[in-house]
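The values are calculated or read from the model by the stated rules, or taken from the named source; none is laboratory data. Computed from a predicted model, the values in this text were never measured in an experiment. Every residue, glycine as well, gets a Cβ built from its backbone with ideal geometry; the counts of neighbours run over all protein chains shown.
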Amino acid sequence: MHGFSISYGLLAALAVALLVAAYTDIRRRQIDNWLNLGIALAAPLFWWASGMGWSDIGWQLGCALAAFVVLAGLFAFGAMGGGDVKLLVALALWIKPLWFMQLVTVMAISGGVLTVVMAFWHVARRQREKLAIPYGLAIAFGGFWVLAQNYWPAMQAGSPVG
């Protein structure tokens, strides 16, 4: 039961980190390395607290590696920012692979809506500089969606996270 409360405390900390990522991306169009590193380094503590076995940890690491390969390719083509890539890879260490795909799907849809809204705003204000989308907001929204759909219901039922 002790690990149960620690794992939900860590999920609450992850939620705060997602808020910080969204806020800094909106304000500065940047997600700080210290934040992404903190999220990644806290993942093993979450694994321990939620009772993950070695095979589960292997799946988490594999998901993070796959995310890195795909997202680094998108970064190389200029389709994604470096902070966004690092945040998603750090989140892949936390979120079960199937749920991570849910996060990516929600992120893509909300990011598309965000892009359309910001493009209209950009044109309406007759701005000439390049449009920069704070995609950390869409990533955070996807993260909150996964937390709300998968982790919080387990917490309310008194079930372990893992």
Name every residue in the range 52-65 that is out of contact with any helix residue (DSSP H, G or I) (no Cβ under 6 Å at 6 or more places or on another chain) and more than 13 Å from ALA90 (Cβ to Cβ), in order of residue number.
MET52, GLY53, TRP54, SER55, ASP56, GLY58, GLY62
For the range 115-128, pairs from a residue that is without any contact (Cβ under 8 Å) to a residue 60 or more places away in the chain to a residue that is surrounded by 10 or more Cβ atoms within 10 Å (Cβ to Cβ), with Cβ under 6 Å and 6 or more apart or across chains, are THR115/ILE133; MET118/ILE133; HIS122/LEU131
State the number of residues belonging to the range 8-44 that are assigned to a helix (DSSP H, G or I), among the charged types (D, E, K, R) and touching a helix residue (DSSP H, G or I) at 6+ places or on another chain (Cβ under 8 Å).
1
Could you check, for the range 85-94, whether at least one of its residues is more than 18 Å from ILE31 (Cβ to Cβ), at pLDDT 95 or above and of a type outside the set (Val, Ile, Thr)?
no
Where VAL113 falls short, out of the listed (1) of a type outside the set (Phe, Trp, Tyr); (2) over 11 Å from the mean Cα position of the chain (by Cα); (3) within 25 Å of PRO44 (Cα to Cα)
(3)
Could you please tell me which pairs satisfy a Cβ distance under 8 Å, a separation of 6+ or placement on different chains, a first residue in the range 64-81 that is in contact (Cβ under 8 Å) with a residue 12 or more places away in the chain and aliphatic (A, V, I, L, M), and a second residue that is outside any loop (DSSP other than H, G, I, E, B) and surrounded by fewer than 16 Cβ atoms within 10 Å (Cβ to Cβ)?
MET80/LEU74
